[in-house]
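Peer 1: One structure, as structure tokens, below. Some questions next.
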Amino acid sequence: MTQIAKVLGLLSLAGTIVPPLLYLAQAMSEGAMKAIMLVSAILWFSTAPFWMKGGN
Amino acid sequence: MVERTKGEDAFIALSVRTLGPRFVSISVFPFGGALDTVAGHPLMESPTDPSAAPAHSGDEFEREPVPKNSLKGASSFWGMYAGEHTAGTEFMIGPLFVAWGASAFDLIFGLLLGNLMAVLCWRYLTAQIATQKRLTLYFQLERITGRHLVTLYNLFNGVLFCFLAGAMVTVSATAIGVPFGDSIRMPSFSDTMPTGAAWILTCVVIGAAMTLVAIRGYGFIARMGHLSAPWMFLVFVACGVVMMAKLGSTNLFELIKPAAGSTPKIGFWGIVAFSWFCNSAMHLGMSDLSVLRFARKPSYGWASAAGMYLGHYVAWISAALLLVYWVREKGVDPTKGAAPGPMVWDAVGWAGLLCVVIAGWTTANPTIYRAGLAFQGMFPKMARTTGTLLAGAVCTIASIFPAFAMKLLDFVGIYGTILAPIGAVIVVDHFLADKVGIAKEPAVRSGSVFNTAVLLAWVIPVGIGLLIQQRYEFPAFFLPLPCWAACGVLYIAFSKMMGPKPATA
């Protein structure tokens, strides 16, 4: 479970920065970029608590 | 720039008790330690002779050196510094540089040099003293200045914390207000007064919510700050990338230029000074003694580079591009700027709004909490809840006035000018006292609760500095270093005149 959460978490970080880079390269629309970033944000906060330590 | 707690390794219980303020970066206290208890606050129980104070059990070591078995590894410090310097106020500072007419050269190379100087201060002053003494700022100060003067220092700390937290609430309010469209008029850089009833209501609701969380559920927000750190940094970078895409260029030298015919209010040396001294309360002012006392080696002071070059370099430049775009493509007056919420919304949508809110929230909360403790430290009979409520109320009132956020460059300079010089007293006591023939830790030696030499050495340069700043509109971010140096020199002079004799004399 932790490993899955970690993989999803890392994917969500990629989903935060890769779409803007694709948008810069004119390989993605602005709407799609924003949508993927939002989904990635939700995914990050759903998965990170399972494997990131600290903060308490 | 405000303190927060993030970084994967352990850190994060914000130690309200032991840390000083962190500018736009909140002081975080690593390695455990519950926020919700204040019994061990160093200012809560201070007999007249600090050396006679009982050491605390537990793992915070407020009144004793940190023992060897409680020291922490380097990765903890790299994580903490990287996290705590990526905060909501970063969204203000980058655009403010653009509004003040900074060029790409000023930003790229000025920030490079200024941040390097800040890192060197952390490494060769703060970390050096912290790893030799292993005491908190407050306890170290108490041994030099006496209990009552530390209380005065705490007052300034508490009030400035409230204003800083107010700026963070203001930044969050600009994001919360976006979905409400024109019904909430967003403040511009030139606004110092509330923009209307809807704005006031937004700030009051956010400020009240943050205060309640600070009173009741602090752990949640600390955890949120920790979790959101890597994601937030990437959102900052994303904003910069999207702006470059919309502006049609990746050449920063082409994109960031002062407006034609304008007179820049800040140049290369201004940027150097700002980036060097915006956290001067932490390094020159020695607030980070409380953090770095847990470091195994002074070389861990290099970890501050993570915060400086991710938060105060990449994030600031990315945020600066937001305003560049709005000036070029949307016709915004650069001197009036635009609120961060709408700019981030336009760039990356809902993820950006979420980022602004979380960045403001997770950094304002510990600041309110810490301010509450500072007030509580001044009035030991006051309950922590009352202290936090008081701090939250002051913070909320401050947030209604956009001046603290919109004049952040000036405010941060004033913040450093007031708090940093006291660090010079610690530097003199640690490195120079024997050489110049004054007593080390004079309050311990004499049993004094109020060291007049320190008070005069602190108040005189700070008073003159603030007078010059007000009278001649001199940029406040140039003042921390001269005030700090003057404070050190005056402390030596006044100690020779009125202090106790050194042990070997």
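Peer 1: Could you check B:Cys203 against (1) over 23 Å from the mean Cα position of the chain (by Cα); (2) over 24 Å from B:Phe109 (Cβ atoms) and say which number it fails?
Peer 2: Only one criterion is unmet by B:Cys203, namely (1).
Peer 1: With B:Ala493, B:Ala503, B:Ala486, B:Ala439 as the choices, which residue is touching a Pro at 6+ places or on another chain (Cβ under 9 Å), farther than 21 Å from B:Asn157 by Cβ and surrounded by fewer than 24 Cβ atoms within 10 Å (Cβ to Cβ)?
Peer 2: Numbers: B:Ala493 fails: touching a Pro at 6+ places or on another chain (Cβ under 9 Å); B:Ala503 fails: touching a Pro at 6+ places or on another chain (Cβ under 9 Å); B:Ala486 fails: farther than 21 Å from B:Asn157 by Cβ.
None of the others qualify; the one that does is B:Ala439.
Peer 1: Please go through segment A:15-35 and give me each residue that is more than 9 Å from chain B (Cβ to nearest Cβ) and either at pLDDT below 95 or more than 8 Å from the chain's Cα centre (by Cα) (or both), ordered by number. Lay out the reasoning, then the answer.
Peer 2: Taking segment A:15-35 first, the residues more than 9 Å from chain B (Cβ to nearest Cβ) are A:15, A:18, A:22, A:27-29, A:32.
If the condition is that a residue be more than 9 Å from chain B (Cβ to nearest Cβ) and either at pLDDT below 95 or more than 8 Å from the chain's Cα centre (by Cα) (or both), then A:Val18, A:Leu22, A:Ala27, A:Met28, A:Ser29, A:Ala32 are the ones that fit.
Peer 1: So for segment B:99-117 (the condition being surrounded by fewer than 21 Cβ atoms within 10 Å (Cβ to Cβ), β-branched (Val, Ile, Thr) and modelled with pLDDT of 90 or more), does at least one residue qualify?
Peer 2: Among the residues of segment B:99-117, at least one is surrounded by fewer than 21 Cβ atoms within 10 Å (Cβ to Cβ), β-branched (Val, Ile, Thr) and modelled with pLDDT of 90 or more, which makes the answer yes.
Peer 1: May I ask you to verify whether A:Lys6 is under 16 Å from B:Leu227 (Cα atoms) and either more than 10 Å from chain B (Cβ to nearest Cβ) or in contact with a Cys (Cβ under 7 Å, 6 or more places away or on another chain) (or both)? Break it down stepwise before answering.
Peer 2: Numbers: under 16 Å from B:Leu227 (Cα atoms): yes; either more than 10 Å from chain B (Cβ to nearest Cβ) or in contact with a Cys (Cβ under 7 Å, 6 or more places away or on another chain) (or both): yes.
The answer is yes for A:Lys6.
Peer 1: Quick test of your reading of the structure: B:Phe431 fulfils all but one of (1) closer than 14 Å to B:Leu284 by Cβ; (2) surrounded by 19 or more Cβ atoms within 10 Å (Cβ to Cβ). Name the failing condition by number.
Peer 2: Unmet for B:Phe431, out of (1) closer than 14 Å to B:Leu284 by Cβ; (2) surrounded by 19 or more Cβ atoms within 10 Å (Cβ to Cβ): (2).
Yes or no, residue by residue, for (1) at pLDDT 95 or above; (2) within 22 Å of the chain's Cα centre (by Cα); (3) not in a helix (DSSP H, G or I):
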residue	(1), (2), (3)
B:Ala214	no, yes, no
B:Ile221	no, yes, no
B:Gly225	no, yes, no
B:Pro230	no, yes, no
B:Val242	yes, no, no
B:Pro264	no, no, yes
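Peer 1: So which residues in segment B:240-266 are surrounded by fewer than 19 Cβ atoms within 10 Å (Cβ to Cβ), under 20 Å from B:Leu96 (Cβ atoms) and within 13 Å of chain A (Cβ to nearest Cβ), if there are any at all?
Peer 2: Once the filter is applied, which keeps residues that are surrounded by fewer than 19 Cβ atoms within 10 Å (Cβ to Cβ), under 20 Å from B:Leu96 (Cβ atoms) and within 13 Å of chain A (Cβ to nearest Cβ), segment B:240-266 yields only B:Leu247.
Peer 1: Just checking, does segment A:3-14 include any residue being of a type outside the set (A, V, I, L, M, F, W, C), crowded, with 17+ Cβ neighbours inside 10 Å and within 14 Å of the chain's Cα centre (by Cα)?
Peer 2: Within segment A:3-14, the first condition is being of a type outside the set (A, V, I, L, M, F, W, C), and the residues that meet it are A:3, A:6, A:9, A:12.
Narrowing the set further to residues that are crowded, with 17+ Cβ neighbours inside 10 Å leaves A:9, A:12.
Those still in the list that are within 14 Å of the chain's Cα centre (by Cα) too: A:9, A:12.
For segment A:3-14, residues of a type outside the set (A, V, I, L, M, F, W, C), crowded, with 17+ Cβ neighbours inside 10 Å and within 14 Å of the chain's Cα centre (by Cα): present.
Peer 1: Within segment B:344-388, work out how many residues are among the aliphatic types (A, V, I, L, M), over 30 Å from A:Leu21 (Cα atoms) and under 18 Å from the mean Cα position of the chain (by Cα). Lay out the reasoning, then the answer.
Peer 2: Within segment B:344-388, the first condition is being among the aliphatic types (A, V, I, L, M), and the residues that meet it are B:344, B:347-348, B:351, B:353-354, B:356-359, B:364, B:368, B:371, B:373-374, B:378, B:382-383.
Now drop any that are not over 30 Å from A:Leu21 (Cα atoms), which leaves B:364, B:368, B:371, B:373-374, B:378, B:382-383.
Still in the running and under 18 Å from the mean Cα position of the chain (by Cα): B:364, B:368, B:371, B:373-374.
Going through segment B:344-388 one residue at a time, the tally reaches 5.
Peer 1: Being in contact (Cβ under 8 Å) with a residue 40 or more places away in the chain, within 24 Å of B:Thr363 (Cα to Cα) and either part of a helix (DSSP H, G or I) or at the interface with another protein chain (Cβ under 7 Å from one of its Cβ atoms) (or both) narrows it down to one of A:Phe50, A:Phe45, so name that one. Show your work before the answer.
Peer 2: Working: A:Phe45 fails: in contact (Cβ under 8 Å) with a residue 40 or more places away in the chain.
Unique residue meeting the criteria: A:Phe50.
Peer 1: Looking at B:Phe180, B:Phe109, which one is touching a residue at least 24 places away in the same chain (Cβ under 8 Å) and of a type in the set (Phe, Trp, Tyr)? Quick ask: steps written out before the conclusion?
Peer 2: Values: B:Phe180 fails: touching a residue at least 24 places away in the same chain (Cβ under 8 Å).
On inspection, the qualifying residue turns out to be B:Phe109.
Peer 1: If you scan segment B:362-386, which residues turn out to be surrounded by fewer than 24 Cβ atoms within 10 Å (Cβ to Cβ), at pLDDT 80 or above and assigned to a helix (DSSP H, G or I)?
Peer 2: Step one: filter segment B:362-386 for residues surrounded by fewer than 24 Cβ atoms within 10 Å (Cβ to Cβ), giving B:378-386.
Adding the requirement that they be at pLDDT 80 or above leaves B:381-383, B:385-386.
Scanning segment B:362-386 gives B:Thr385, B:Thr386.
Peer 1: Are any residues in segment B:397-408 surrounded by 23 or more Cβ atoms within 10 Å (Cβ to Cβ) and either farther than 18 Å from B:Ala371 by Cβ or of a type in the set (S, T, N, Q) (or both), and if so, which ones?
Peer 2: B:Ser399, B:Pro402, B:Met406 - these are the residues of segment B:397-408 that are surrounded by 23 or more Cβ atoms within 10 Å (Cβ to Cβ) and either farther than 18 Å from B:Ala371 by Cβ or of a type in the set (S, T, N, Q) (or both).
Peer 1: Sort out which residues of segment B:338-350 are touching a Phe, Trp or Tyr at 6+ places or on another chain (Cβ under 9 Å) and assigned to a helix (DSSP H, G or I), and write them in order of number.
Peer 2: B:Pro340, B:Gly341, B:Pro342, B:Met343, B:Val344, B:Asp346, B:Ala347
The values are calculated or read from the model by the stated rules, or taken from the named source; none is laboratory data. The model shown is predicted, which means the values in this text are computed figures rather than measured ones. Ideal geometry is used to build each Cβ from the backbone, glycine not excepted, and the neighbour counts take in all protein chains shown.
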